[in-house]
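As structure tokens, the structure follows; a few thoughts come after it.
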Amino acid sequence: MKRKYVSSDGFTLLEILVAVFIFAVTVSTIFGSFKAVLGNVNTIEEGTAQYEMAKHCLNRMVSDINSLYLTLPPIYSPPDFDDEPDPYRILGETDSIGSADFSKLRFTSRAHLPLENNTQNGIAQIVYYIQETADNRFVLRRSDTLYPYEPVEENQNDPILCENMVSLNFLYYDDEGTEHEFWDSDSEEFGYATPKAIKIKLKLGDEARALLLDTMISLPVYREKKE
């Protein structure tokens with residue numbers, strides 16, 4: 001008697017294992033691509049947020065400087081040896097904070113921003129300065145005070161214009177277009193003049209992936225050198 005062998009419609013163990021392996025590889029590939037896409041999205045979102053913050057920061061500074069207030073001759077006269085500094089002077093300095101140097105700018109402006117429950121208006125002393133945080137990051141703060149003007153000290157109540165600062169530079173240009181890294185409009189060195197333009201350069205983020213923005217501002221009012 002001959003035996004008949006009937007084929008089965010099922011799968012062998014080897015076929016199942018191969019199918020599981022192929023499925024696992026496919027899922028791993030898809031999941032890895034998905035993670036890469038999510039990582040790129042997060043990076044793009046962080047970059048966009050940094051750009052928006054830097055743009056708003058520059059816009060604020062441009063608005064402040066475009067509302068600059070100065071004393072002009074004949075009201076202004078160079079200070080004598082023991083005179084108090086001109087309260088409306090422009091003063092650009094450099095601060096050493098930790099192991100880094102950052103520019104600091106002081107001037108007066110009509111762009112005073114009253115705090116809550118304070119409706120006072122007037123000509124404000126504006127100071128941009130860098131402060132180091134407890135976690136060793138750097139933030140750019142804006143001090144805004146009405147007369148009488150006091151020396152500016154670090155204040156946690158001063159609004160933060162920009163976070164994660166890597167560098168901040170103010171560059172000053174005289175009437176001949178010469179660039180200076182500092183300025184004092186009450187100094188004989190500059191002929192008691194004010195700069196004609198100020199360039200702002202700021203970098204934020206981290207050294208590996210930093211965002212650099214700059215802008216040049218022509219001052220709306222200018223005091224010429226005293227001959």
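We did not get these values from a lab; they are worked out from the coordinates using the rules stated. As the structure is a prediction and not an experimental result, all values here were calculated from the model. So basically every Cβ, Gly included, is an ideal-geometry build from the backbone, and we count neighbours across all protein chains shown.
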Those GluC sites (Glu not before Pro) in region 127-223 that DSSP places in a loop and that have at most 13 other beta carbons within 10 Å: E153, E154, E176, E181, E207
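Which of the pairs K203/K225; K55/K226; K203/K226; K199/K225 have their Cα atoms more than 31 Å apart in this structure? Walk me through the numbers before you get to the answer.
On the way: K203/K225 33 Å; K55/K226 37 Å; K203/K226 36 Å; K199/K225 20 Å.
Beyond 31 Å: K203/K225; K55/K226; K203/K226.
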Candidate cut points under trypsin sites (Lys or Arg not before Pro) in region 127-224, DSSP loop plus at most 11 other Cβ atoms within 10 Å of their own Cβ, are R209
Computed label-point distance, nm, for sites E153 and R137 using a 7 Å Cα→Cβ extension: 2.6
Let me know the shape class of region 112-227, please: from the alpha-carbon gyration tensor, a ≥ b ≥ c as square roots of the eigenvalues, rounded when a/c is under 1.5, otherwise prolate if a/b is greater than b/c, or oblate. oblate
